[in-house]
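**Student:** Before anything else, here's the structure in question.
The values are calculated or read from the model by the stated rules, or taken from the named source; none is laboratory data. Small disclaimer: the values here were computed from a predicted structure and weren't measured. We place every Cβ from the backbone using ideal geometry, glycine too, and count neighbours over all the protein chains shown.
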Amino acid sequence: MGDCKDRVALVTGSSRGIGRGIAKRLASEGASVILSASRMGSHGDLQGTLEEAVAEIQAAGGQAVAEPANLLDESARSDLIARSEAHFGPVDILVNNAAMGAWGMPSQLRLKDRRKLMEVNFHAPVDLAQQVLPGMRERGQGWILNIGSDSSRQPAVPYRDTRDAAHVIVAYGSSKAALSRYTKGLADEVVEDGVFVNCLAPVSIVLTQEAAQFVGHIARANPDMTEPIEVMVEAAVELVSGRHVGQDVYSRQLLHEVGRAVRSLDGSDVLGDAFMPANLEEVVG
C-alpha cells in the first residue's frame, strides 16, 4: 500500500465506471486526486456524478476534489492542468480515461461524429499530455496513462458476436489505435526525462454497471470476454507507479507478467490474481 503516497493525480472521465474506480484506488494508495468529467449527472439509468465520486473518496479518508471540464471543447480543456494544479500542487500522474463513442457502420459514419470522436479520444489526451509534460520533465518524474481499447485491433474471424457489432465500433477503435501509436512515440521521447507513458486496455469488457447496460448480452454469452473492474484498476496502478515504458498492454496480461495481486478498490483486501473472474450475476443481473 502507498505506491502513490504524496503524489497528485488527475483522472479524466472519473464520475463513473473505470475512471471512478482508478481515482478511488489511487486515493487509497496515498495520492491526492483531481476527478474530472462533464457535469452530466445521471444519464438514463446510469448514476454517477463528480460530486458523488469525490464524496465517496473523502468519506474513506482520501484527498479528492472535482474539476469539471468538457473535453469536447478545446477552450474548456486548455487550462485543465493549471486548474487542477491549483488544488494540490503539480500533477505527477495523468490518467486519460475519458472517451466517447460514435457508433455506426464504417461506410456511413458522419464527419461531424468522427470529429467529435477524435476530439475527445485523441486530441484531448494529447493536449493534456502536452500541458502536463513541461512540469514533469522539469521535476524529472511523472506518469501518463492513456486508456485504450481492444477495439483498436480488428477482431479475428469468426466474430464472437455479430458482424454488425464488429463494424459499428470501427471508428471508436480507430481513435484508440491513434492514441496507442501516439503513446509509444511519446514514451520513447520523454523517458530520458523520468516520465513514463503507457497505454492500458481491458481484455475486452470491464464489467461495470455502465457496460452492463449496453453489452450485457455479450457478457452473458461470452463470460470469458469480461473482467472485473478491480483487474483493470490494479493494472492502472501498476503503470502509474512503476517504471514501464511505452507499454500497450492488456490488463490481465500485465498483472500476470509482473505477478501483482488484485486488490479491492479501497485497497484493503486482496481479491485474487490476474485470472480473477467477473461476477456476471452481481453486475449484469
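**Student:** Give the residue, chosen from Ala82, Ala86, that is closer than 15 Å to Val33 by Cβ, modelled with pLDDT of 95 or more and among the aliphatic types (A, V, I, L, M).
**Tutor:** After ruling out the rest, the residue left standing is Ala86.
**Student:** Now for a different question. What residue, among those in region 6-41 that are basic (Lys, Arg) and at pLDDT below 95, is nearest to Ala99 (Cα to Cα)?
**Tutor:** Arg16
**Student:** I need every pair where a residue in region 225-250 that is part of a loop (DSSP other than H, G, I, E, B) has its Cβ under 7 Å from the Cβ of a residue that is β-branched (Val, Ile, Thr), sequence separation at least 6 or different chains.
**Tutor:** If the second residue must be β-branched (Val, Ile, Thr), the pairs left are Val240/Ile93; Val240/Val95; Val245/Val191; Gly246/Thr183; Gly246/Val197.
**Student:** Let me ask something else about it. Regarding Val95, is this residue without any contact (Cβ under 8 Å) to a residue 60 or more places away in the chain and either buried (at least 22 other Cβ atoms within 10 Å of the Cβ) or closer than 28 Å to Asp79 by Cβ (or both)?
**Tutor:** Spelling it out, it is not the case that Val95 is without any contact (Cβ under 8 Å) to a residue 60 or more places away in the chain and either buried (at least 22 other Cβ atoms within 10 Å of the Cβ) or closer than 28 Å to Asp79 by Cβ (or both).
Conditions tested, residue by residue: (1) surrounded by fewer than 19 Cβ atoms within 10 Å (Cβ to Cβ); (2) within 16 Å of the chain's Cα centre (by Cα).
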| position | (1), (2) |
| --- | --- |
| Ser14 | no, yes |
| Leu26 | no, yes |
| Val33 | no, yes |
| Leu50 | no, yes |
| Glu56 | yes, no |
| Ala64 | no, no |
| Pro90 | yes, no |
| Ser107 | yes, no |
| Arg114 | yes, no |
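**Student:** Out of all the residues in region 239-254, is one or more in contact with a Leu (Cβ under 9 Å, 6 or more places away or on another chain), over 22 Å from Gly135 (Cα atoms), at pLDDT 95 or above and among the hydrophobic types (A, V, I, L, M, F, W, C)?
**Tutor:** The answer is yes; a qualifying residue exists.
**Student:** Something else now. If only one of Thr208, Thr183 is within 21 Å of Ala23 (Cβ to Cβ), modelled with pLDDT under 80 and among the hydroxyl-bearing types (Ser, Thr, Tyr), which one is it?
**Tutor:** Answer to the selection: Thr208.
**Student:** Restricting attention to region 119-157, report how many residues are within 20 Å of Lys184 (Cβ to Cβ) and either basic (Lys, Arg) or surrounded by fewer than 17 Cβ atoms within 10 Å (Cβ to Cβ) (or both).
**Tutor:** Selection size over region 119-157: 6.
**Student:** Out of all the residues in region 66-86, which are closer than 28 Å to His244 by Cβ, without any contact (Cβ under 8 Å) to a residue 60 or more places away in the chain, buried (at least 17 other Cβ atoms within 10 Å of the Cβ) and not acidic (Asp, Glu)?
**Tutor:** Ala69, Leu71, Arg77 - these are the residues of region 66-86 that are closer than 28 Å to His244 by Cβ, without any contact (Cβ under 8 Å) to a residue 60 or more places away in the chain, buried (at least 17 other Cβ atoms within 10 Å of the Cβ) and not acidic (Asp, Glu).
**Student:** Looking at region 121-132, is at least one residue in a strand (DSSP E or B) and under 18 Å from Gly19 (Cβ atoms)?
**Tutor:** No, the conditions are met nowhere in region 121-132.
**Student:** Same structure, new question: Keeping to region 136-185, report how many residues are of a type in the set (Lys, Arg) and without any contact (Cβ under 8 Å) to a residue 24 or more places away in the chain.
**Tutor:** Selection size over region 136-185: 2.
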